[in-house]
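A short write-up of the structure that comes next.
The values are calculated or read from the model by the stated rules, or taken from the named source; none is laboratory data. What you see is a predicted model; the values in this text were computed from it and never measured. Note: ideal-geometry Cβ built from the backbone for every residue, glycine included; neighbour counts use all protein chains shown.
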């Protein structure tokens, strides 16, 4: 009787210990999963910045948004990107300087040419360029901040074709295109814009300041 009683207690205790162990293991797994998910989210936020928030806005839920961003990274790894040689880089820098010089006299044409030049530089680097959304998504893997500006510049370029933008919008577009072109040309070897490019950028900004001054004088 006594032996059977203590035997039942031992079995009960063993069952309780097993249940507690299972609960602890499940809790550890759940916590580990949540921590891993939080770490993945943090890495994606750090990598994509504003593009992460954009993906959230466009997706039905966070999981779908993060899956789409991971797909971007996987696709980007398969791209056969190449560095530009010195002659290619110099040619693109020269052509960009011409675009910036063009802005002073013809902002609308400058935006149109800047948009085309970006596509040419991307193509030369090895990016697929047939679809704008694909171009922007591929760029966002390495240049998320600039990609946001590229999206806005493209919107302005389209509005430019429709005749619904002002000079300030066009100036912002050219400045954004410039940031992208320079990022694509400077692929890690320390290249920087030419002095002439800096002067032309200053011309654009100077024209913007002069326009603002003229507007204030007119209002006065």
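For residue 101, which of the numbered conditions (1) in contact with a helix residue (DSSP H, G or I) (Cβ under 6 Å, 6 or more places away or on another chain); (2) outside any helix (DSSP H, G or I) fails to hold? Going through (1) in contact with a helix residue (DSSP H, G or I) (Cβ under 6 Å, 6 or more places away or on another chain); (2) outside any helix (DSSP H, G or I) one by one, residue 101 breaks only (2).
Just one of the listed residues (203, 197, 189) is outside any helix (DSSP H, G or I) and at pLDDT below 90, namely 189. Within the range 54-76, residues that are under 20 Å from residue 126 (Cα atoms) sit with their Cβ atoms under 7 Å from residues that are not in a helix (DSSP H, G or I), at 6+ positions apart or across chains, in these pairs: 72/141; 73/141; 76/141.
One line per residue, one yes/no per condition, for (1) closer than 17 Å to residue 136 by Cβ; (2) over 22 Å from the mean Cα position of the chain (by Cα):
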| position | (1), (2) |
| --- | --- |
| 23 | no, yes |
| 31 | no, yes |
| 40 | no, no |
| 47 | yes, no |
| 56 | yes, no |
| 66 | no, no |
| 72 | yes, no |
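With the condition kept exactly as written, say whether any residue in the range 155-172 is modelled with pLDDT of 95 or more and under 21 Å from residue 80 (Cα atoms). No, that holds for no residue. When residues in the range 145-180 are screened for being without any contact (Cβ under 8 Å) to a residue 12 or more places away in the chain and in contact with a helix residue (DSSP H, G or I) (Cβ under 6 Å, 6 or more places away or on another chain), 1 of them pass. Checking 71, 113, 106 one by one, the residue that is loosely packed, with under 14 Cβ neighbours inside 10 Å, under 30 Å from residue 167 (Cα atoms) and either touching a strand residue (DSSP E or B) at 6+ places or on another chain (Cβ under 7 Å) or at pLDDT 95 or above (or both) is 106 and no other.
Within the range 122-143, the residues that satisfy the criterion of being closer than 21 Å to residue 84 by Cα, in contact (Cβ under 8 Å) with a residue 24 or more places away in the chain, part of a helix (DSSP H, G or I) and under 12 Å from the mean Cα position of the chain (by Cα) are 138, 139, 140.
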